[in-house]
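Notes for the one structure printed next.
The values are calculated or read from the model by the stated rules, or taken from the named source; none is laboratory data. None of these values were measured; they are calculated from a predicted model. When we count neighbours, we look across all protein chains shown, and the Cβ atoms used for this are built from the backbone with ideal geometry, even at glycine.
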Amino acid sequence: MKKLTRRATLLGAAALALAGCSSKFKSYNGPEVTRVIVYKDRRRMYLMHHNEVLREYKIGLGFAPRGHKQFEGDGKTPEGSYIIDRRNPNSDFHLSLGISYPNRADVEYARSQGKKPGGDIFIHGRRESKRDRRGSDWTAGCIWVKNREIENIYAMVRNGTPIDIHP
């Protein structure tokens, strides 16, 4: 009987502990995010509802952040107008939202130079590994935020939302 009581107590404690754990999948019921605006030089990203700033985030960029991304491997974060076009709940970087880079002009320019434009540009969190202790600009061209922030961004921003990335 003692074994059974002890086991029930341990299972109950484990269930309570799990119930207290937060999920990386948040919900959001506030105003619609109608646009995402990024200012690379300021290292800031804004989630907008028309002309109202809903949230502001400090960001990190690609390892060579100045200038527009033109080629695969250049380490630059794109500049221009794009769309949030996909979601990855199983990202190596906690959660991620895809940016529609490259567009037709990006592809044509890279090809004219005999190169590839690159791709797989996302807004994402940090790598899950504790070994990842790099500085602020370390991605291959993506925009990164803290993991708890990407959880909110992931909940708030829908596919099809425009994103403007400024120098």
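Which pairs have Cβ atoms under 9 Å, sit 6 or more apart or on different chains, and link a residue in the range 24-40 that is surrounded by fewer than 13 Cβ atoms within 10 Å (Cβ to Cβ) to one that is in a loop (DSSP other than H, G, I, E, B) and modelled with pLDDT of 90 or more?
Listed pairs, sorted by first residue: PHE25/PRO89; PHE25/LEU95.
Since GLY75 meets every condition but one in (1) more than 16 Å from the chain's Cα centre (by Cα); (2) loosely packed, with under 15 Cβ neighbours inside 10 Å, which condition does it not meet?
That leaves (2) as the condition not met.
Sort out which residues of the range 59-69 are in contact with a Lys or Arg (Cβ under 7 Å, 6 or more places away or on another chain), of a type outside the set (A, V, I, L, M, F, W, C) and either part of a loop (DSSP other than H, G, I, E, B) or over 17 Å from ASP120 (Cβ atoms) (or both), and write them in order of number.
PRO65, GLY67, HIS68, LYS69 - these are the residues of the range 59-69 that are in contact with a Lys or Arg (Cβ under 7 Å, 6 or more places away or on another chain), of a type outside the set (A, V, I, L, M, F, W, C) and either part of a loop (DSSP other than H, G, I, E, B) or over 17 Å from ASP120 (Cβ atoms) (or both).
State all residues of the range 110-167 that are closer than 15 Å to SER91 by Cβ, in a strand (DSSP E or B) and modelled with pLDDT of 95 or more; if no residue qualifies, say none.
ILE121, PHE122, ILE123, HIS124, ILE143, TRP144, listed by residue number.
Here is a list of conditions, (1) touching a Cys at 6+ places or on another chain (Cβ under 9 Å); (2) modelled with pLDDT of 95 or more; (3) part of a loop (DSSP other than H, G, I, E, B), and PRO78 meets all of them except one; can you say which number that is?
(1)
Given the conditions (1) touching a His at 6+ places or on another chain (Cβ under 9 Å); (2) within 18 Å of ILE37 (Cβ to Cβ); (3) not basic (Lys, Arg), which single one is not true for ILE163?
Among (1) touching a His at 6+ places or on another chain (Cβ under 9 Å); (2) within 18 Å of ILE37 (Cβ to Cβ); (3) not basic (Lys, Arg), the lone unmet condition for ILE163 is (1).
With the structure loaded, tell me whether ASN88 is among the polar types (S, T, N, Q) and touching a residue at least 40 places away in the same chain (Cβ under 8 Å) or whether it fails that test.
No: the conditions fail for ASN88.
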